[in-house]
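*Asks:* First, the structure itself, so that you have it in front of you.
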């Protein structure tokens, strides 16, 4: 294991998680990568914490929808990896993904209410449309505040109530030397930095579970974009900060 130690991948929804998991399993083998199930996440985290110390320390990577904090349960060094996606692109992608996926828990509600994109963002039926990245990465109570639903981070912060303090927490974490931040828009470059950090070979990959918008973002009505930006203003600031300070 390199000095970077265990790789902890914080999987922000709709931000390259499936592709990164493919890479991890090719680099480390499937058995060496521990995946925290997105549904029943609180139970999955509790189960991981309950594993013997040597077992927790034996994984080369841990992958899941969680915030910062898992390193406290892993003996030895560890490094976080997280990908950010432009908030407008992420929300639009998720809206269309839910719309075309009957198995998604929000699909029946979306169909019943005949939600438009703007309706979905404003509805409050999920915190996924409300500064989701800052909500997860800047959670005031960290890991312990994750609930049993993969789209509610953290449970103590109501829809529309994410704060600048949470943005500052997320930015501080992402500035740490123990965190590698990438943008999905420059995925190849970010993977190269991860390879260098963890001493990977030239493992190839193919994009997995890609949920691109079925229409160009330029064709999304400006009013809808404005609604998304309004509800994700802190996420947008975090993304712009990462563009300037992290991605090279």
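*Asks:* Can you give the calculated 222 nm mean residue ellipticity of the chain, where each DSSP H run of n ≥ 4 adds -39,500 (n - 2.57) and the sum is split over every residue, rounded to the nearest 500 deg cm²/dmol?
*Replies:* Working: 11 runs with 104 residues, N = 248.
Calculated at 222 nm, the ellipticity per residue is -12000 deg cm²/dmol.
*Asks:* Which residue fluctuates most in the GNM of the chain (Cα springs below 10 Å): 122, 85, 26?
*Replies:* Answer for the Gaussian network model of the chain: 26.
*Asks:* Using Cα pairs under 8 angstrom and six or more residues apart, how large is the relative contact order of the chain, in percent?
*Replies:* Details: 368 pairs, mean separation 70.6, N = 248.
That works out to 28 percent.
*Asks:* Out of 13, 38, 221, any idea which swings most in a Gaussian network model of the chain, alpha carbons joined below 10 Å?
*Replies:* Comparing 13, 38, 221 in the GNM, the peak value goes to 221.
*Asks:* For the range 12-110, max minus min Cα coordinate along each principal axis, in Å, sorted largest first?
*Replies:* Taking max minus min along each principal axis of the Cα atoms, the range 12-110 gives 45, 25, 23 Å.
*Asks:* Okay, moving on. FRET efficiency for residue 222 and residue 113, Cβ-Cβ distance as r, R0 = 22 Å, nearest 0.05?
*Replies:* Details: r = 23 Å, r/R0 = 1.06.
Efficiency for this residue pair is about 0.40.
*Asks:* Additional query: If R0 is 22 Å, what FRET efficiency do you get for residue 104 and residue 243 from their C-beta distance, rounded to 0.05? Kindly include the intermediate steps, with their values, before the conclusion.
*Replies:* On the way: r = 30 Å, r/R0 = 1.36.
Using R0 = 22 Å, I get an efficiency of 0.15.
*Asks:* Oh, and also: Go ahead and set up a Gaussian network model of the chain, Cα springs under 10 Å, then flag whichever of 116, 93, 78 fluctuates most.
*Replies:* Comparing 116, 93, 78 in the GNM, the peak value goes to 116.
*Asks:* What ranking do 98, 74 get, fewest neighbouring Cβ atoms within 10 angstrom at the top? Spell out each step's value before the answer.
*Replies:* Numbers: 98 21, 74 18.
In order of increasing Cβ crowding within 10 Å: 74, 98.
*Asks:* Calculate, for residue 163 and residue 96, the FRET efficiency according to 1/(1 + (r/R0)^6) with r their C-beta to C-beta distance and R0 35 Å; round to the nearest 0.05.
*Replies:* On the way: r = 30 Å, r/R0 = 0.85.
That pair, residue 163 with residue 96, gives E of 0.75.
A short reminder: the numbers here are calculations on the coordinates, not readings from a lab. Since this is a predicted model, take the numbers as computed values, not measurements. In this analysis, Cβ positions are derived from the backbone assuming ideal geometry, glycine residues included, and neighbour counts consider all displayed protein chains.
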